[in-house]
Amino acid sequence: MALSKFLCYFFYSDSTRTNNSKHTASHGPENSVDIQRYTRYALSIAITGVFLAHVIGLFTVPFIDTLEHQAYDARLKLTLTEATEKQVVIIDIDEKSLGELGHWPWNRNIMAHIVDNLFDYYRIKTIGFDIVFAEADEDEGAKILKQMASGPLKNDEAFIREYSDAMSILQRDITFARSLENRKTIMGFVLDTDTRKGTLPEPVAVLEQSVKGRIPFIKPQGYTANLDILQQSAYSGGFFDNPLLDADGVFRRMPLLQEFEGTLHESLALAVARTAMESPRLELIVESSPDNNNEVLLEWLKIGDVVIPVDDRAGILVPYVGPQKSFDYISAIDILNRQYPAEKLKDKIALFGATAPGLLDLRTTPLEATFPGIEIHANIVQGILDQTIMHQPGYSAGFEFLMLLVIGLILTFLLPLLLPLWGLLASVTVLALIVISNIAVWQLYQLVLPIASPLLLIVLIFTLQMTYGFFVETRGKRQLAYLFGQYVPPELVDEMSKNMDEIKLDGEIREMTVLFTDVRNFTHISESMEPEELTRLINGFLTPITRVIHQQRGTIDKYMGDAVMAFWGAPLEDQQHALHALQAAMQITEGIKELKPEFEARGWPEIKIGISVNTGEMNVGNKGSQFRVDYTILGDAVNLGSRLEGLTKVYGVDIIVGENTRHAVPEFEFRELDRVKVKGKDKPVAIYEPLGLIENVDKEVRKNLKQFHLGLKHYRNRRWDDAEQEIFTLSRAEPDRKIYQIYLDRIIRFRKNPPPENWDGSISFSRK
């Protein structure tokens with residue numbers, strides 16, 4: 001209904017404006033029609049300018065990049081064509097193999113047998129290892145024999161003879177190394193670490209002085225590589241890390257080369273493909289940069305007769321042939337026992353990696369959210385051999401700039417002259433031409449040209465031109481109040497209407513407080529209930545939670561299934577936002593407990609929730625797309641608040657607050673729980689459990705609190721005995737309080753394995 005009203009308004013207003021153009025023209029150039037038209041021109045040109053500035057790098061609009069990534073993914077899925085004959089197979093460390101051979105890593109004698117079988121029995125062409133063998137594998141018996149040979153039996157000639165024979169069997173790394181010798185074996189390693197461990201293979205090339213420092217190769221600082229004996233025995237090696245991840249963490253692009261101390265090392269996939277092609281020489285094809293005389297643009301890599309399109313950092317777009325399992329997966333145990341048909345592997349290229357739970361290297365790709373990392377390498381190898389790698393040419397940015405400029409100018413000056421229907425048809429026509437031509441060059445020439453930015457520009461300019469009057473001329477106080485009615489309690493809506501100057505929708509930075517609630521074990525609860533009953537249960541606890549938040553002048557940001565996100569301090573300022581949020585958290589906890597009898601009477605499970613409260617600077621305003629906009633908050637303080645909620649279960653408490661909240665509410669008593677490093681934060685933050693208003697906390701609780709904080713001080717000063725004494729006493733008095741046992745367990749662990757010298761007393765959490 002709203003949409004139909006919206007369209008009716010514009011069709012009517014625009015047609016009326018057209019029909020009355022003669023009449024309004026008589027009033028001179030300063031009439032309202034001209035002003036509106038010039039304003040529309042200016043706004044459209046401004047939008048076009050933003051897009052152009054984004055293209056040339058004056059600033060970045062993440063949303064445009066996100067759309068471009070999504071457009072690339074859509075084209076990839078739309079045009080997938082599986083290779084007719086796949087030359088790559090995957091030797092899989094799967095559950096079946098682990099069940100028979102035991103947990104990984106296997107001893108190197110087993111690995112030697114697998115390699116021997118692959119080359120001698122199955123007659124494969126080459127093998128690449130998507131695994132690093134950085135640690136020595138020495139039999140315990142070998143260690144004992146070494147001690148005897150260097151000790152009491154060092155002069156026993158008979159023993160020394162037997163010792164030499166035995167060591168040749170027991171030194172399993174030597175056995176594995178021998179299996180790698182004189183075979184096309186490619187060892188994998190990692191180049192994105194800041195340590196230096198193992199031995200790097202020989203570089204694929206040494207940079208010439210003419211190009212050294214002029215190509216922006218990725219330059220890692222360290223490596224984790226294979227044992228020297230293994231790498232020296234192998235044919236070659238290649239890295240399998242990917243420093244070219246897109247901002248959304250998706251594997252769309254991977255580097256084929258990285259520069260380390262003036263030499264180039266190739267990726268595992270490139271090394272395997274080159275080896276399968278009889279190791280042709282690698283050539284760099286470059287062009288001079290038109291913008292920077294000191295820089296050259298890397299355009300192609302040439303290996304033999306194969307030319308590979310790359311970007312300026314030697315990255316390629318991964319040529320996915322299909323969803324996971326598009327390549328043959330062969331259990332490692334079947335290779336070991338020769339239970340796989342030998343004729344199916346002759347002259348194949350093998351990649352050795354893991355898919356078993358606990359070992360599975362899962363990556364996010366344009367095709368699937370969970371994709372085996374080893375199969376990404378398989379796709380690249382196949383793509384190099386089939387020459388199916390897409391090319392995003394260096395001139396694409398210039399092409400995008402010119403296309404946006406032309407589209408922006410044409411639509412800016414054309415649409416105001418057209419009736420809405422004709423404007424819609426014109427915009428749709430341009431959209432269709434761009435889509436059709438883009439897909440055509442994708443399929444016919446394997447070119448990846450920008451598509452999201454021109455499409456988005458068309459939509460934005462059309463929407464602006466058609467909706468300018470509506471948003472400018474009809475928006476008022478009543479509409480704004482109605483808009484915020486879905487976020488805030490009714491009593492605040494009236495207050496907002498009286499203080500319109502305080503309301504900012506476009507976004508601003510404010511000191512605010514955010515609250516997160518989440519039901520524990522909700523997945524289990526939802527699986528045990530019928531959908532209709534589950535809906536009633538959710539409404540049963542979300543309603544009182546929402547009521548409390550509104551009573552404390554909070555704004556509901558969103559409902560996320562069983563979870564609630566709310567904030568204080570916007571749209572109206574609240575000088576006591578931290579206090580109100582904390583009071584809401586305490587009341588919610590009590591309110592959930594009071595629901596227990598009612599839920600039991602209905603046969604519903606008991607609800608337990610975790611709540612986090614965090615205070616800090618947050619970006620608040622309308623955010624979204626042309627399809628949907630939400631008044632919401634963003635920022636590090638928001639992210640930290642979300643992470644803290646996930647820790648409530650870890651520490652066995654109902655509520656956790658951050659440092660800023662604790663300092664903002666001095667009238668409350670708090671128990672310091674820990675110093676933590678959560679995901680996305682490098683610096684530790686202190687976390688606290690609120691106990692209530694200071695005057696309401698009894699003396700016994702304060703005494704225990706003081707004792708616990710003393711124990712915590714001893715713990716951070718590495719005085720394990722003193723810390724244990726204080727905390728153990730408390731645990732005897734309050735055996736159900738989880739935090740005491742947490743620290744007692746840590747003390748035991750740190751006695752055996754002390755933390756590093758630079759330990760700051762914090763604990764890291766990599767997940768929410």
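Below is a table of values for the structure above.
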quantity	calculated
Criterion violated by Gly680 - all others in (1) closer than 17 Å to Ser762 by Cβ; (2) surrounded by 13 or more Cβ atoms within 10 Å (Cβ to Cβ); (3) not assigned by TED's automatic domain parsing to the domain that holds Gln741 satisfied	(2)
Some residue of the range 441-451 being buried (at least 20 other Cβ atoms within 10 Å of the Cβ), polar (S, T, N, Q) and in a helix (DSSP H, G or I)	no
Every pair of residues 6+ apart whose Cβ atoms lie under 7 Å, when the first sits in the range 703-717 and is farther than 13 Å from Tyr740 by Cβ and assigned by TED's automatic domain parsing to the domain that holds Arg749 while the second is among the aliphatic types (A, V, I, L, M) and part of a helix (DSSP H, G or I)	His714/Ala723
Among the residues listed as Glu590, Glu617, Glu600, the single one being in a strand (DSSP E or B) and surrounded by fewer than 16 Cβ atoms within 10 Å (Cβ to Cβ)	Glu617
Residue in the range 731-745 that is without any contact (Cβ under 8 Å) to a residue 60 or more places away in the chain and touching an Asp or Glu at 6+ places or on another chain (Cβ under 8 Å) present	yes
Residue in the range 688-696 that is surrounded by 11 or more Cβ atoms within 10 Å (Cβ to Cβ), in the same structural domain as Ile588 (by TED's automatic domain parsing) and under 32 Å from the mean Cα position of the chain (by Cα) present	yes
Selection count, the range 100-113, where residues are touching a residue at least 60 places away in the same chain (Cβ under 8 Å) and either farther than 16 Å from Ser233 by Cα or not assigned by TED's automatic domain parsing to the domain that holds Pro357 (or both)	5
Qualifying residues in the range 276-306 (those that are modelled with pLDDT of 85 or more and small (Gly, Ala, Ser)) - the one farthest from Arg214 (Cα to Cα)	Ala276
Any hit, the range 365-375, residues being buried (at least 16 other Cβ atoms within 10 Å of the Cβ) and of a type in the set (Ser, Thr, Tyr)	yes
Among residues of the range 417-435, those that are small (Gly, Ala, Ser) and more than 12 Å from Ile458 (Cα to Cα), counted	0
Pick from the range 74-96, criterion outside any loop (DSSP other than H, G, I, E, B) and in contact with a Leu (Cβ under 8 Å, 6 or more places away or on another chain), ranking: surrounded by the most Cβ atoms within 10 Å (Cβ to Cβ)	Ile91
Evaluation of Gln221 against (1) surrounded by 18 or more Cβ atoms within 10 Å (Cβ to Cβ); (2) closer than 30 Å to Thr60 by Cα; (3) of a type outside the set (Ser, Thr, Tyr) (one fails), failing number	(1)
Subset of the range 715-746 [among the β-branched types (Val, Ile, Thr) and closer than 20 Å to Leu647 by Cβ]	Ile727, Ile739, Ile742
Residue match in the range 242-257 (condition: more than 18 Å from the chain's Cα centre (by Cα) and under 30 Å from Arg178 (Cβ atoms))	no
Selection from the range 114-139 of residues that are free of Cβ contacts under 8 Å to residues at least 60 places away in the same chain and part of a helix (DSSP H, G or I)	Asp120
Residues located in the range 391-427, provided they are over 20 Å from Tyr445 (Cβ atoms) and polar (S, T, N, Q)	Thr412, Ser427
Tabulated pairs, the range 37-48, first farther than 12 Å from Leu414 by Cβ, second among the aliphatic types (A, V, I, L, M) and not in a helix (DSSP H, G or I), C-beta under 8 angstrom, 6+ apart or interchain	none
Pairs where the first residue, in the range 388-411, is under 18 Å from Thr60 (Cβ atoms) and the second is surrounded by 15 or more Cβ atoms within 10 Å (Cβ to Cβ) and among the small types (Gly, Ala, Ser), C-beta under 7 Å, 6+ apart	Glu400/Ser453; Leu404/Ser453
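The values are calculated or read from the model by the stated rules, or taken from the named source; none is laboratory data. All of these numbers come straight from a predicted model, not from anything done at the bench. Heads up, the Cβs are rebuilt from the backbone with ideal geometry, glycines too, and the neighbour counts pull from every protein chain shown.
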